[in-house]
Structures are given as C-alpha cells and as structure tokens.
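Notes follow once the structure below has been shown.
Just so it is clear, none of the values below were taken in a lab; they were calculated from the coordinates. All of these numbers come straight from a predicted model, not from anything done at the bench. All Cβ positions, glycine included, derive from the backbone under ideal geometry; neighbour counts span all protein chains shown.
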Amino acid sequence: MAYDSNNIFARILKGEIPCKKVYEDNDILSFHDINPKAPVHVLVIPKGAYINYSEFAIQAPSDVQQRFHQMVSQIAQDLGLSETGYRLIMNCGTNGGQEVPHFHVHILGGKRLGAMIGSEDI
Ligand code: AMP
C-alpha cells in the first residue's frame, strides 16, 4: 500500500488543517486528539511518511526511532502524566482499528483508564 499524502495527518503537517499543537521539532509533531477518549489525549507523529507502526519500525533510521520514543516519553512527562501513569496506543491496520494511515502514537491519561481493550467476544 502506498502512502496517501492527503491523509488527515499529512494535511496537518502541510499546514492545510489546523491542530492544537503540543510540541514540534524538525522530525516530530504532537497535537491534541480532536475526539479525546481521556482527560488527556495527545497524538505524536513523525514527520516522515510512514503508514503505520510496522513501516516506521522497519524503515525509519534507528536514530529517528530512538528520538521519537524519547520524545513520546518527554511529552508525557511535560503533560504531567509521568507520576500518575498513562497509556500508549499504536493502532496498526484494519484489525487494529487504525483510521488515519500515518503512523501515530496515542498518549492517554489524566484518570485511571479502563480495560485495555473493548469487552467484545474474542
Ligand atoms: P487511529 O484510529 O489510531 O488511526 O486514530 C486516529 C485518531 O486521530 C482518532 O483518535 C481521531 O480522533 C484523531 N483525529 C482525526 N482527525 C483529527 C484531527 N484533524 N485533529 C486531531 N485528531 C484527529
């Protein structure tokens, strides 16, 4: 599957759609989720064109990946989540429930979160 350069996050990166920015540098953008599922719900995306977690993990240079993970941790800390804890979600592909085909990490926190996944039958 080819990267869709018109996906919503690509358009945010191009400045075509606004976002509520949390952090930005040359490689990373972080912004509030438009439909928050917790008191704090922030997304972190690499600026590179990676469709999903697998692409990022396999294709992104090691230093880019390391810095990305460091910044996810730093952003969680800056949001005040480190002491009380938080959850990271990386939905990948159809069964993972990924809606936007640009790799992203969800940071969720601000309350004690519920079950890890929905309660539908296995
Ligand atoms: P996923 O299901 O993992 O692909 O998650 C995509 C997330 O992007 C969802 O939680 C959406 O609420 C969020 N989202 C979609 N459009 C926007 C937008 N324009 N700004 C911020 N978050 C968005």
Task: Among (1) surrounded by fewer than 12 Cβ atoms within 10 Å (Cβ to Cβ); (2) in contact with a strand residue (DSSP E or B) (Cβ under 7 Å, 6 or more places away or on another chain); (3) not aromatic (Phe, Trp, Tyr), the one test that residue 63 misses - done: (2)
Task: Flag if residue 76 is outside any helix (DSSP H, G or I) and more than 14 Å from the ligand (Cβ to nearest atom) - done: no
Task: Answer from 81, 108, 88 - the residue that is over 18 Å from residue 10 (Cβ atoms), touching a Lys or Arg at 6+ places or on another chain (Cβ under 6 Å) and either free of Cβ contacts under 8 Å to residues at least 12 places away in the same chain or outside any helix (DSSP H, G or I) (or both) - done: 108
TODO: Kindly establish whether residue 15 is of a type outside the set (Val, Ile, Thr), away from the ligand (no atom under 15 Å from the Cβ), at positive phi and without any contact (Cβ under 8 Å) to a residue 40 or more places away in the chain.
DONE: no
Task: Residues located in segment 18-50, provided they are farther than 16 Å from residue 65 by Cβ, of a type in the set (Lys, Arg) and more than 8 Å from the ligand (Cβ to nearest atom) - done: 21
Open item on the list: Considering only residues that are away from the ligand (no atom under 16 Å from the Cβ) and surrounded by fewer than 17 Cβ atoms within 10 Å (Cβ to Cβ), which ones fall in segment 79-113?
Closed with: 80, 82, 83, 84, 85, 111, 112
Open item on the list: Of all residues being in contact with a His (Cβ under 7 Å, 6 or more places away or on another chain) and of a type in the set (A, V, I, L, M) in segment 1-42, which is surrounded by the most Cβ atoms within 10 Å (Cβ to Cβ)? Just the residue, please.
Closed with: 42
Open item on the list: If I filter segment 91-105 down to residues being hydrophobic (A, V, I, L, M, F, W, C) and outside any strand (DSSP E or B), which single residue comes out as nearest to residue 50 (Cα to Cα)?
Closed with: 103
